[in-house]
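Novice: One structure coming up, written as structure tokens, with questions to follow.
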Amino acid sequence: MIITLKSSIPDELALSYARDINAFLVHDGTQKVLVTSSSVKELPASVVEYTDTHCVLPSDMQLSSKAYRSKTRKVSIGNIEIGGDTKNTIVIGGPCSVESEEQIRAASSVLSELGLKTLRGGCYKPRTSPYSFQGLGLEGLKLLRKMKEEYGHTIITEARDASHINEIIEHTDVVQVGAKAMYDQGILRACAKSTKVILIKRGFGTTLQEFVQAAEFVMSGGNLNVVLCERGIRTFETGTRFTLDLCGVAWLKEYCNLPVILDPSHAIGYAYGVPSLAKACVAMGVDGLLIETHPHPKNALSDASQQLNFEEFKTLMNEIKPLASCVGYSIV
Ligand code: PEP
Ligand code: MN
């Protein structure tokens with residue numbers, strides 16, 4: 001249940017109510033709300049006096065639910081707003097991993113050339129093998145910071161585990177919680193205390209309900225700047241790396257109030273399919289796209305098979321602009 005309190009309630013009283021009924025006190029815009037488990041169906045008598053409205057929800061998709069807030073939340077990624085009434089499709093570009101200053105500068109410069117402002121590169125890579133490149137760590141974060149200073153880009157990087165989450169929160173504008181990390185409560189709880197935008201990727205074996213509940217960990221802790229990212233789920237098919245769940249995206253658009261970004265690169269896992277998949281995503285009218293691009297994809301230290309080279313990336317950007325405008329969106 002979400003209980004919206006009367007605006008006249010003093011903060012300390014709101015907090016003591018929250019403790020009394022075992023709820024989270026969250027400042028949602030100008031409102032103070034108490035969020036209990038969705039199993040609570042009757043308004044607790046002790047809070048009636050200060051209750052403005054209350055909303056009974058069928059599941060623990062609560063703060064992120066359209067049943068509670070019917071409009072998609074607006075989130076600012078640097079100077080770019082997505083969600084709300086914006087109809088912006090943000091393009092988040094860059095290599096899978098930050099590998100060197102030369103490489104990340106080349107990617108930053110291509111984004112600038114295309115008028116794009118959002119640079120992503122991994123520094124702590126969640127690899128499937130311990131023998132693969134694990135990322136440059138803090139050195140990589142510093143290179144991203146340098147690109148932010150030189151190009152004015154908004155920076156996104158991923159947290160692999162909770163041991164370096166505070167370092168990531170300090171250095172980046174948007175924290176990416178990866179597909180394997182989205183169950184990590186240490187990461188989610190640290191993100192909840194931050195005011196940074198948190199981009200949560202869907203685990204490849206994660207139901208939509210589990211996905212939105214990961215977002216609820218961040219939101220119930222006080223950070224409502226959450227964006228979801230569909231990046232492909234595991235199916236019986238082995239010809240492609242994963243299967244991009246566009247049905248899931250339609251479900252999220254219907255029932256969830258968080259902006260949704262799509263990642264065709266990790267979904268298919270092969271560069272040949274990224275452009276057509278990206279176009280399908282744009283045609284759905286989505287809040288963003290995450291596309292991996294690298295100066296020399298074949299030599300990339302991670303995700304070599306799926307990264308677009310710069311020519312392919314530029315062509316794709318030119319092709320999606322008219323598609324986005326057909327569905328009333330702008331590529332930003
Ligand atoms: C990535 O974004 O480079 C990545 C590792 O993605 P995912 O967490 O979706 O596998
Ligand atoms: Mn990658």
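Novice: Anyone know which of 267, 179, 190 comes out most mobile in the 10 Å Cα GNM of the chain?
Specialist: 190
Novice: Could you tell me the largest-minus-smallest coordinate of the C-alpha atoms of the chain on each of the three principal axes, in descending order and whole angstroms?
Specialist: Here the Cα extents, ordered largest to smallest, are 64, 41, 39 Å.
Novice: Next question, about the same structure. Looking only at region 1-22, which residues have a backbone nitrogen under 18 Å from a spot 7 Å from the Cα of residue 46 in the C-beta direction?
Specialist: Answer for this model: 1-6, 9-22.
Novice: OK, next. What does the charge count near residue 99 come to, summing +1 for each Lys or Arg and -1 for each Asp or Glu among other residues with Cβ under 12 Å from its Cβ?
Specialist: Values: positive: 105, 125; negative: 101, 102, 139, 303.
Result for the neighbourhood of residue 99: -2.
Novice: Given the options 62, 112, 151, identify the residue whose Cα lies farthest towards the positive end of the charge dipole of the chain (+1 on Cβ of Lys, Arg; -1 on Cβ of Asp, Glu).
Specialist: 112
Novice: Carbon and sulfur: what percent of the chain's accessible surface (1.4 Å probe)? Spell out each step's value before the answer.
Specialist: Values: 7160 of 13910 Å².
Roughly 51 percent, rounded to a whole number.
Novice: Mind jotting down the distance between the C-alpha centroids of region 40-118 and region 229-281, whole Å?
Specialist: Their Cα centres are 18 Å away from one another.
Novice: While we're on this one: Compute the accessible area per residue over the chain, keeping the other protein chains in place, probe 1.4 Å, unit Å². Please report the intermediate quantities before stating the final value.
Specialist: On the way: 13910 Å² over 332 residues.
Roughly 42 Å² per residue, with all protein chains present.
Novice: Treating only the Cα positions of region 1-154 as identical point scatterers, give the base-10 log of I(q)/I(0) from the Debye formula at each q in 0.13, 0.16 Å⁻¹.
Specialist: Log-scaled intensity ratios, in q order: -0.79, -0.87.
Novice: Now for a separate question. Taking H placed 1.01 Å from N in the peptide plane, check which residues at least 5 places from residue 256 or on another chain put their amide H under 5 Å from its amide H.
Specialist: Here 66 satisfy the definition.
Novice: Sticking with this structure for a sec: When only Cα pairs under 8 Å and 6 or more residues apart are kept, what is the percent relative contact order across region 2-55?
Specialist: Values: 67 pairs, mean separation 26.8, N = 54.
Relative contact order comes out at 50 percent.
Novice: Next up: If you take the C-alpha gyration tensor of region 247-291, multiply each eigenvalue by 5 and take the square root, what semi-axes do you get, largest first, in whole Å? Intermediate values should be presented prior to the final figure.
Specialist: Working: eigenvalues 81, 17, 15 Å².
After diagonalising the Cα gyration tensor, the semi-axes are 20, 9, 9 Å.
Novice: Now a separate question. Which one, 273, 288, 94, has the greatest fluctuation when you compute a Gaussian network model over the chain with C-alpha springs under 10 angstrom?
Specialist: Of 273, 288, 94, the most mobile in the Gaussian network model is 273.
Novice: Return the FRET efficiency for the residue pair residue 109, residue 319: r is the Cβ-Cβ distance, R0 is 25 Å, and the value is rounded to the nearest 0.05.
Specialist: Details: r = 21 Å, r/R0 = 0.84.
The calculated FRET efficiency here is 0.75.
Novice: In the full protein assembly as shown, how much of residue 202 is accessible to a 1.4 Å probe, in Å² to the nearest 10?
Specialist: Solvent-accessible area, nearest 10 Å²: 10 Å².
Novice: Moving to a separate point now. For 211, 204, what's the largest-to-smallest order of accessible area, 1.4 Å probe? Don't skip to the end; give the middle numbers.
Specialist: Values: 211 0, 204 55 Å².
From most exposed to least exposed: 204, 211.
Novice: Another question, then. Residues with amide H under 5 Å of residue 292's amide H, sequence separation 5 or more or different chain, H placed in the peptide plane at 1.01 Å from N; which?
Specialist: Answer set, sorted by chain and number: 265, 308.
Novice: On a straight-distance basis, which lysines could pair with residue 201 in a cross-link, Cα separation under 17 angstrom, same-chain partners fewer than 8 positions away excluded?
Specialist: Partners found: 125, 180, 253.
Novice: Mean residue ellipticity at 222 nm from the helices of the chain, using -39,500 (n - 2.57) per DSSP H segment of n ≥ 4 over the full residue count, to the nearest 500 deg cm²/dmol?
Specialist: On the way: 10 runs with 109 residues, N = 332.
Helix-only estimate at 222 nm: -10000 deg cm²/dmol.
Novice: ³J(HN,Hα) across region 187-201 via Karplus (A = 6.51, B = -1.76, C = 1.60, θ = phi - 60°), whole Hz, x for Gly/Pro?
Specialist: Here the 3J(HN,Hα) series is 5, 4, 5, 5, 5, 5, 7, 8, 9, 5, 6, 10, 9, 9, 8 Hz.
Novice: Picking from 21, 82, 156, which is most flexible by a Gaussian network model of the chain using Cα springs under 10 Å?
Specialist: Residue with maximal mean-square fluctuation among 21, 82, 156: 21.
Novice: Shifting gears a bit: Need one value: the accessible area of residue 100 in square angstrom, 1.4 angstrom probe, rounded to the nearest 10.
Specialist: Its heavy atoms expose roughly 40 Å² to the probe.
The values are calculated or read from the model by the stated rules, or taken from the named source; none is laboratory data. Just so it is clear, the model here is predicted, and its values are computed rather than measured. Positions of Cβ are generated from backbone atoms using ideal geometry, with glycine treated the same way; all protein chains shown enter the neighbour counts. Calculation scope for accessible area: heavy atoms of the full protein, side chains included, ligands and nucleic acids excluded. Shrake-Rupley method; radii C 1.70, N 1.55, O 1.52, S 1.80 Å.
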